[in-house]
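The values are calculated or read from the model by the stated rules, or taken from the named source; none is laboratory data. This structure is a prediction, so every number in the text was calculated from the model and none was measured. Here the Cβ positions follow ideal geometry from the backbone for every residue, glycine too, while neighbour counts run over all protein chains shown. The protein model used for the area step is the full one, side chains on, heavy atoms only, and it has no ligands, DNA or RNA in it. Shrake-Rupley method; radii C 1.70, N 1.55, O 1.52, S 1.80 Å.
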Amino acid sequence: MRTAKIFLALMLVFTSSACLASEGVPDPDPNSIEGSSGQMMARIEQIIYGYVAKGGLIERLGKVEEDLFGRSLPGTIAERHAAILTFLEIGTDEQPSMMFKLGVAEWVVNKKIRASESATRRLEDLEVNLTGASRNGNPIVMRVESLLATLVMDPVTARSVLLPGNTIMKFRFMDELSPAKSKKGDYVRLELTNDIIVNQCLVAPAGSLLITEVRDVKRPRMFGIPGEVRLSFNELIPLGPQKPLVFVGKEAENAIKEARRAGDRGEGAVIGAGAVSIAGAALLGPVGLVSGVFIRGNSIKIPEGSVTFLQTSGDIVVSAYPIPSSIQITEPVITTPQPQSDLSSTGAYNPDRDTIIKGDVFNKNAYGANTPTGGDFELPPEQQVR
C-alpha cells in the first residue's frame, strides 16, 4: 500500500514539474547550484555511478533521468541538471535529499555508511543483503523508498540541530599519503570512525567522508634536505547539505595526546611516533596552518588506516535524522565541547564511542519550515542556475 502511494506521488510530481519550472523557484539556501552543464553532469554521474560517463550531454542526461525516475524530465538541460542535483544532495522544505535517505537506510542496516562508494553500488549491496537480490532496472528513487519502507516504520524526515563548535571527531585515512606517491592537487579521503549524534538526531554516521587536498609536495633532496607534504582539511560531508568546517585545535590536540598515551594505532601508523604519524604531523604544523597538517622528514609515509582527530571550527545548524526510539542508543556517552579543559585528564572524551551531544533541537527542518510530518519521496522543482 505504501509503495503504491509513493508511486502515485511521484507521478504527480513528474506531471507538475513543467509548471514548477516556469515559476522560477530560487536555489535552496544555504547551497546554490552552480557550474557549467558539463560540470553538473559530471557531478551527478559521480554521485550515482562513481565515474564520469562518455558521450554527449543530452544522451548522458537521458540515461540518468531514466535510471533515477524511469522517465525524462521537462525543462532546459541546465534546469534539469540543477533539479537533479537538488534532488540528490539538497532536498526540499518537505523532503530530505535522496543521498540523505540512502545514508539513513545504510546506517539502519550496518550502523555505518560507505560514503566513498557510488549510490548505485550502495543501493545494490543493501538490496542483496536484505532481500537476496538486486532490483536493478527499476527506478532508483523507487528502490530507495522501498528499502526505507522495509526498514523504518515512519517516513524519513530531517530536523535542524545545532552542532557545536569544537566537537571532536576521529578520522581514519582511507588513502596512503607520502611525498613519493602524492602530488599537489591530489585528494586524500578520511572517514569518520564514529557516529555524531545531537539530541538523538543523527548528524553524521560513521563512514562519512572528509575530503582533504594535498596543497604542496616536496620530495627529499640531496644533502639530507627532507621532503615535505602540506595537507588541507576541507568540510565534513554529513547526511544533510550543510558541511561543517574542521581544523586542528586545542581539543583535537588533547584527543591526539590521549590517543598517543593509550597507544591507539588505528590500522596504520602508531599515533605519536614522530613525523611519520599524523598525530605528530598535526602538532608539528607551523603557525597559521591550523586547517591542515604539515609533515616533514626523509621517510614520510602515512599509511592507509592511520587515525587523527579534528574538531568543528564553529557552531553550525545542520539537518539530521531524528532516530526512532526503537533504535536509539540507550546508554550514551555524553560528549560536549570543552574549550578550556583538558579532555585527556577529565576522561570526558572516549574515542571508541560515538560522539553524542545533548543540545537544543530547533523545531524546524533544515530549510526553515516546520518539522515535516512525513510524506513520499518527491522530486524537487527545477532550480534557477546562477
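On the basis of being buried (at least 24 other Cβ atoms within 10 Å of the Cβ), at pLDDT 90 or above and among the hydrophobic types (A, V, I, L, M, F, W, C), does L236 make the cut? Answer is yes for this residue. Within region 76-96, the set of residues being under 19 Å from L202 (Cα atoms) and open to solvent by less than 30 Å² (accessible area, probe 1.4 Å) comprises L88, I90, G91, T92, Q95, P96. Screening F100 on (1) over 20 Å from the mean Cα position of the chain (by Cα); (2) under 19 Å from A320 (Cβ atoms); (3) aromatic (F, W, Y) shows it passes everything except condition (1).
Just to check your reading of the model, which residue among L151, L73, L123 is out of contact with any Phe, Trp or Tyr (no Cβ under 7 Å at 6 or more places or on another chain), crowded, with 16+ Cβ neighbours inside 10 Å, at pLDDT 95 or above and farther than 17 Å from G240 by Cα? Break it down into steps so the answer makes sense when it comes.
Details: L151 fails: at pLDDT 95 or above; L73 fails: at pLDDT 95 or above.
After ruling out the rest, the residue left standing is L123.
Farther than 23 Å from I197 by Cα, modelled with pLDDT of 95 or more and either open to solvent by 10 Å² or more (accessible area, probe 1.4 Å) or in contact with a helix residue (DSSP H, G or I) (Cβ under 8 Å, 6 or more places away or on another chain) (or both): does that describe I113? Answer is no for this residue.
What residue, among those in region 126-143 that are out of contact with any Ser or Thr (no Cβ under 7 Å at 6 or more places or on another chain) and of a type in the set (D, E, K, R), is modelled with the lowest pLDDT? Looking at the filtered set, the residue picked out is R135.
M99 passes every criterion in (1) surrounded by fewer than 23 Cβ atoms within 10 Å (Cβ to Cβ); (2) assigned to a helix (DSSP H, G or I) apart from (1).
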